[in-house]
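The values are calculated or read from the model by the stated rules, or taken from the named source; none is laboratory data. Since the model is a prediction, treat every value here as computed from it, not as a measurement. Every residue, glycine as well, gets a Cβ built from its backbone with ideal geometry; the counts of neighbours run over all protein chains shown. The protein model used for the area step is the full one, side chains on, heavy atoms only, and it has no ligands, DNA or RNA in it. Shrake-Rupley method; radii C 1.70, N 1.55, O 1.52, S 1.80 Å.
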Amino acid sequence: MTTPVELLLAEDDPADVALVRHAFQKHNLSNPIHVVHDGAQALEFVFRTDRYADRPPGTPYVILLDLKLPLVDGVEVLRRIKGDPDTRSIPVVMLTSSGEDRDLDECYRLGVNSYIVKPVDFDRFDEVVRQLGLYWLLVNQPPPG
Amino acid sequence: MLTARPQDSPSAVFRTGTTLRDTPVRIAAAYVTFGVLWIWLSDTALAWLKLPGDLGYWAATGKGTAFVLLSAAVVFLTARREVRALLHAACLLDAVAKATTDAVVVKDAAGRYLFCNAAAAQIVGRPVAEIVGRDQVAVFGAAGGRMTERDQRIMQSGVGEEYEEPLTVGGRERTYHVVKAPYLDARGSVAAMVGVYRDVTERNRAEAEVRHARLMLRLVLDTVPQGVFWKDAQSRHLGCNAVVARALGFDSPEQLVGRTDAEIPSLGPGQAARYMRDDQEVIRTGTARLRGREQLTRADGSTVWLETHKLPLRDDTGRVVGVIGTWEDVTERRQTEEALRESEGQFRATFEQAAVGMAHVGLDGRFVRANERFAAITGLTREELLAATFQGITHPDDLAADLSLVGRLLAGEVPFYSLEKRYLQKGGGVVWVNLTVSLRRDERGEPIYFISVVEDITARKWTEAALRDSERRFRATAAAAPVAFWETDPDMLCTFLSCGWQELTGQDPADGLGLGWLAMTHSDDAAAAEAAFRAANDRRQAVDIDYRVRRADGRYAWVVDRARPRFGPAGEFLGMVGAVIDIDARKQAVAALRASEGRLRLFVEHAPAALAMFDRDMRYLVASRRWISDYRLQDTDLTGRSHYDLFPEIPDEWRAVHARGLAGEVVRADRDSFRRADGSVQWLRWEVRPWHDAAWAVAGIVMFADDITAGVEAEAALRESEERVRATFEQAAVGIAHIDPAGRFVWVNERYAALTGYTRAELVAGLTLDAVTHPDDRPRDAEGIARLTAGETQAYAPEKRFVRKDGSLCWVQVTVSAPRLPDGRVVHLIGVAQDITDRKRAEAALRESEERFRNLVEFLPDAVFLNVGGRVAFCNPACVRLFGAADATDLIGKTPFDLHPPEWHDILRRRVTSQEATGEPVPGIEEEVLRLDGRRVPVYVAALPVMDRGVRALLVVLHDLTERKRAEAQLHQQELMIREAGELAHVGGWGFDPATGRGDWTEETARIHTLPPAAEASVAEGLSFYAGEDRARIEAAVAAAAADGTPYDLELRLTAADGLEKWVRTICRPIVDGGRVVRVRGSIQDITDRKRTEEEIRALNADLERRVRDRTAELVAANAELESFSYSVSHDLRSPIRHITGFAAIVLEACGPQLPPENHGHLEQVVKAARRMGQLVDDLLKFSRLGRRSLCRQAVDTGRLVDDCLREVLPNPAGRRIETRVGDLPACFGDPGLLRQVWINLLSNAVKYTGRRDPAVIQVGATATPDGVAYFVQDNGAGFDMRYAHKLFGVFQRLHRAEEFEGTGIGLALVQRIVHQHGGRAWAEAEPGKGATFWFTLGRPG
């Protein structure tokens, strides 16, 4: 499977986007990242509707999903992705500031592949992004498609 | 050519020179030769001619002259040829020197240039003219001296030299190959020296390049893993790389060069020939050739597989001059492939050729792949099978079991399953298979398909069934007919006897060996049997011999012994084998049959009845004589004749009967009329029954007919007369029985039977009179009947009891008579019985009743006396007691006036008068009587007129009221009390009789209803004060209470008589006696005040609840808000912090080195501050979450918990010296997670604030306090001022600057919160600089 977009980042905060990009660059992870800024856009991207109706087919290797997203929140996006047999196999990593138990429980219930609380400390954030990128893009085999 | 040495040069120049050296000799030789020849020839000629004198003289003179002329000519010609040749040579040399591109110079011994060609001139850089004739120094200047030196050496030694010399020509560095050779003159001495210079600069460079290229090639060749070699057109190896050399057993590639494959020791001749053939093929066709795989045995003995590729090797012109080849060691690849192919082949073969059916079945049940066998089992072609599903071809009865197993397989409960089931074959047949199914899953564990293996077990199933049948049959056979097997040797001695022999004869087979078996044969047969066996043995023939053997039970049985000879492989006689079969039953059956048949025929023929036997076609088989006579068939030959032919008049119904008989039925008639052809009527008793052949098929019928015409007629007359007599008795209303002298019933009529409860048949079937007589009556019966029989009495007529069949008794009046025959004999008794049970019962009842009443009167607690004629005629014991008399006699004869006080006498008199007038019973009244001792006793009196022995009398009953009066007095007292209490409590009472609905109520009840006090009340009246729903409730409750005693307790609204509405509570307790409600009682209470209060309370409560609800809702809202606030904090507050640290870190990372140190520090401060902010947010969240978490209490081992926490908070041992002293810590009951937080916070504080102590001392302990156990953590750290102790546990409250001790100011707030949640408290004691002690309790458990 080849796809022009290997990583989808759903994050409304441009600062976080910048930090993620920076961390990826720093660790020589050159996989193309596509950024969407709200939940609706993320769903359109994944399901190739509306703004992304013309997107070439193929699913991203991994989706990084912020929990709190405008329009459609991250949990709902996760629910929709994991609820559709075509997209269920895309690994989804929740990347969020919150360490709240109820969020965690809900996301695991919905079948999230990984759940990472963004640490306040940038060095740790950096490390987390690095491991994340490495793991999901290099180590983890995408499902056959 | 330039390297050739001058001495043996074949050049023309030197050859001419040599010839030239001989030129004078050749001229001299020519002259001498000519002169000698001339002299000899001329002298000879003159001598031959013999010329005379003068002439001779002249001739001699002329000869001399001629000689001079001719010799001069010869010399001239010879010399000219030589000179020409010389000139030619010189010109040639000159031309060569000039034509060559090499520089050629010739120097003489003095170093002068004798010759120089254009090329040489070019090197020197001067025209030829300026060079030739000059010496070296003149041409080259001072540098030429060295050259001269070398040249001189050559000239002196006469040996040429060859060397390379660098020269600068035209400003360019060139390298020349120089050959110098001495030039020898004719004398052989060195006359000059020739030098030839050839420019080899380009050649040298090319050679270096080639060398380099070769080196590289070699390196490459020796490095590639493939073998590379090349050969010439004769298959001779020209070269190869190290791989090839090593493979072929050489140390270096060079060793291979020049060899053909045939000359390589490690290659076998066949191999070499094949390789060379390949080479020639490539060379011949000029095309590449790939020899697939072949094996090569290497020099070291190992075998490798090679893939060889040969290409033609072409020269520049494209001509094929050899072959270049490569090979690749594919051993490993080949092994892998081999293994794979082998494995695949095995699997395919297994799959295809398996004797069992195999198939891959999709998850939907569709066959994906199946082998031939599978298809064959199912009866489908493979294509048809692949279009089918297993559900479709499975027998419907087996599908459910299969599907359930599939489900379990898919669920992973079983790794596989096996099942015997049926497939429906295409042709409609059923095939039994043993199915084993496993499930193939992919690496993620998802099911892909099923692997089904089926085995056709139809045959097995059939065999099983057949086996079962056969086994059953054999078992039956063996049980029915024991067979013994035996074997003898050639001498007819028995060597084996099967156990069947023992079963048959009871003889141990071991004892039967040899000739022992003969002991078991019948003595009459033994000799014959032995002889027969012997004869068969000798003749080696099979024989069947019948003889008798003694069976285990001692009887003799017929057996057939089938003896067969047996022979060895070579045809030699080994003896006999045989089987002894018990045929006794058969023999006997045959004998019996034969006997029976004869007897039967005899019997039939002589049977007294008319009997005939027919076959299925109703043809006569046999007929009795009676039959023949009855049917007047004496003159007819019956054999083979049909019955219907003989008697065409046989009606259809009889023919139908015969048909039924032939169908297997037995049909009979006791009396049937048969109108014969002659008009006479014959009465017949007949029977038709089928007879069966050996196979139990109906073979015909036997017909029996008895002519009963005479009997029938006589009987009819008799019956008529008998009927009449019998009817008389039969219909009698009394029971009549004939009893024989032994007491047995001979005949009874219906009525008699009814009296005894038996049927008539039962009675006359042997029952005796005693059997139906009550045991107590039997002796009297016996005596009475004996006397009757003896003639002492004429009749015996007792009342007695019959014991009926069902055990009940029946009183009868019996009259027995004994009619005598004329001879005075009594044949039987006639008994007439009449039912007197009712009479007897009435009598008994009367007696019982009398008895009962007597007892009643005797034991009645009330006094009873009988007043007859105004005096006491009888009195009971209670009466005696009442009046205080000693016994009844004291009272008998007294008048009522004696027994009453005087004031009652008038009343008494009036009553007696009125009673006597009316004869009515006197209603009960209360009065007083006078005891004998003069005391007055209150009594209740009732009198009843009775007849006593025909005289009117009065039965008087006196009930002593003393107790009741006392009780009434008490009751009255109590009632007063109750009424008073009721009035005080506003409780009224009421009651009514459920039968009448009438009742009473108390004054209080009336008051509640605001009615005037009245004792009497009715239910209807009471209910009338209620309305609406309350009315319905009370009515239902009252009805239930009256009907089945259900109590109730109701609170109802009542509208009193004055119109005021009241709340009343009415409680009902019905009085139940003997299952009947005899009285309904209850109370009623005015509860209006209470109700009002209750209403108020209820209103108040409702208000309160509403307010609580409101407050709760507010609280819930506030809580939710707080929660969402903290959720936002956790999200939104952390993000900016992360951005601050993130971007600051990026800036530090990117421009750190360029930043001035001061700014660098500032940025680090930013990062640090942001981290601290993050820590604060996290702590604050933890704190706020605590409020939302509910406690999960359990027993906690505090000691262990503290140990754990200490391990966690104590820094690296190398860092600081910290002394910990942990005292005894009692276990507690709390939330382990939260308590851990408490200890961690307290202990880490202690560690933190003792940071400047060495050693730091931390003490942990517990003491008992009135509030429960108080735990403490004490340190010798910084401590604090107790004036600020109240701030200690507040959020964000810190008593130390951050530079001193880091912290967020939440730790102790958390501690306090947790402790409070547990119901305890936390406090601290400290002194600045002396340390602090933190205490906490957890409240008392429970």
Loop trypsin sites (Lys or Arg not before Pro), the stretch B:941-1028, which have at most 12 other Cβ atoms in a 10 Å radius of their Cβ (DSSP): B:949
Three principal axis lengths of the stretch B:8-203 [C-alpha, angstrom, descending]: 91, 31, 29
Cysteines (scope chain B) whose Cβ has no counterpart Cys Cβ under 4.7 Å: B:91, B:116, B:240, B:494, B:499, B:810, B:1068, B:1151, B:1192, B:1205, B:1228
Rg/Rg_globular for the stretch B:775-817, with Rg_globular taken as 2.2 N^0.38 Å and Rg from C-alpha atoms: 1.24
Per residue, in Å², the accessible surface of the protein assembly as shown once ligands and nucleic acids are set aside, probe 1.4 Å: 56
Cubic angstrom per residue, convex hull over Cα atoms of the stretch B:739-819: 84
DSSP-defined beta bridges in the stretch A:7-137 - what % are antiparallel, rounded to 5: 0
Equivalent-ellipsoid semi-axes of chain B, from the Cα gyration tensor, Å, largest first: 151, 87, 30
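For a Förster distance of 41 Å, can you work out the FRET efficiency between the beta-carbons of residue B:776 and residue B:931, rounded to the nearest 0.05?
Calculated value: 0.20.
In the stretch B:779-858, which trypsin sites (Lys or Arg not before Pro) fall in coil by DSSP and have 16 or fewer other Cβ atoms within 10 Å?
Numbers: sites: B:780, B:787, B:800, B:801, B:804, B:805, B:820, B:825, B:839, B:840, B:841, B:847, B:852, B:854; in loops: B:804, B:805, B:825.
Those satisfying the criteria are B:804, B:805, B:825.
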Cα extents of the stretch B:787-903 along the three principal axes, largest first (Å): 88, 34, 22
Rg/Rg_globular for the stretch B:1240-1303, with Rg_globular taken as 2.2 N^0.38 Å and Rg from C-alpha atoms: 1.23
Residue mean of other protein chain beta carbons inside 10 Å, B:1137-1149: 6
Average projection area in nm² (convex hull over Cα atoms of the stretch B:73-162, one quarter of hull surface): 7.7
Computed accessible area, residue B:1034, all protein chains, 1.4 angstrom probe, square angstrom: 10
Inter-part distance where the stretch B:1264-1342 and the stretch A:54-105 are each reduced to a Cα centre, Å: 45
Rounded accessible area of residue B:894 (nearest 10 Å², 1.4 Å probe): 60
On Cα atoms only, tilt of B:458-480 relative to the major axis of chain B in degrees: 50
Length added when fully stretched, residue B:975-residue B:284, from 0.36 nm per residue minus Cα-Cα: 233.6 nm
At most 10 other Cβ within 10 Å, DSSP loop - GluC sites (Glu not before Pro), the stretch B:495-583: B:572
Point-to-point label distance, residue B:174-residue B:908, nm (Cα→Cβ direction, 7 Å offset): 20.0
Computed FRET value (nearest 0.05) for residue B:152 with residue B:83, which takes r as the C-beta separation and R₀ as 35 Å: 0.55
For the stretch A:1-119, with +1 on Lys and Arg beta carbons and -1 on Asp and Glu, the positive-most of A:85, A:31, A:75 along the dipole: A:31
Dipole of the protein assembly as shown, positive end: most advanced residue of B:237, B:969, B:639 [Cβ charges, Cα centre]: B:237
Rounded percent of accessible protein surface that carbon and sulfur make up, the protein assembly as shown, 1.4 Å probe: 56
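So what is the diffusion coefficient of the stretch B:482-582 in µm² per second by Stokes-Einstein at 10 °C and 1.306 mPa s, using a Kirkwood Rh over Cα pairs?
The estimated diffusion coefficient comes to 120 µm²/s.
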Debye log10 I(q)/I(0) for the stretch B:1076-1210, one point scatterer per Cα, at q = 0.10, 0.11, 0.20 Å⁻¹: -0.73, -0.80, -1.15
At R0 = 41 Å, FRET efficiency that the Cβ-Cβ distance of residue A:71 and residue A:26 yields, to 0.05: 0.85
The stretch A:7-137: radius of gyration and largest Cα-Cα distance (Dmax), Å: 13.7, 39
For residue B:370, distant residues with modelled amide H under 5 Å away: B:360
Magnitude of the charge dipole, chain B, Cβ model with Lys/Arg +1 and Asp/Glu -1, debye to 20: 6420
Between the stretch B:661-680 and the stretch B:360-429, the Cα center-to-center distance that results, in Å: 68
Residues in the stretch B:1111-1135 that, when all protein chains are in place, have 50 Å² or more less accessible area than the chain alone would give (probe 1.4 Å): B:1127, B:1131, B:1134
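Pull up the DSSP beta bridges for the protein assembly as shown and report the antiparallel fraction as a percent, rounded to 5.
On the way: 240 of 260 bridges.
Within the protein assembly as shown, antiparallel bridges account for around 90 percent of the total.
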Cα radius of gyration and Dmax for the stretch B:860-960 (Å): 12.4, 36
Packing rank of B:330-339, B:737-746, B:659-668, where each peptide gets the mean count of other beta carbons within 10 Å, highest leading: B:737-746, B:659-668, B:330-339
Interface area, A with B, accessible, probe 1.4 Å, both sides summed, Å² nearest 100: 2000
Solvent-accessible area lost in complex, 10 Å² minimum, residues of the stretch A:57-105 relative to chain alone, 1.4 Å: A:68, A:97, A:98, A:99, A:100, A:102, A:103
Convex hull volume per residue for the protein assembly as shown, taking Cα atoms only, in Å³: 780
The stretch B:948-1107 - charge dipole about Cα centre, Lys and Arg +1 at Cβ, Asp and Glu -1, debye rounded to 20: 420
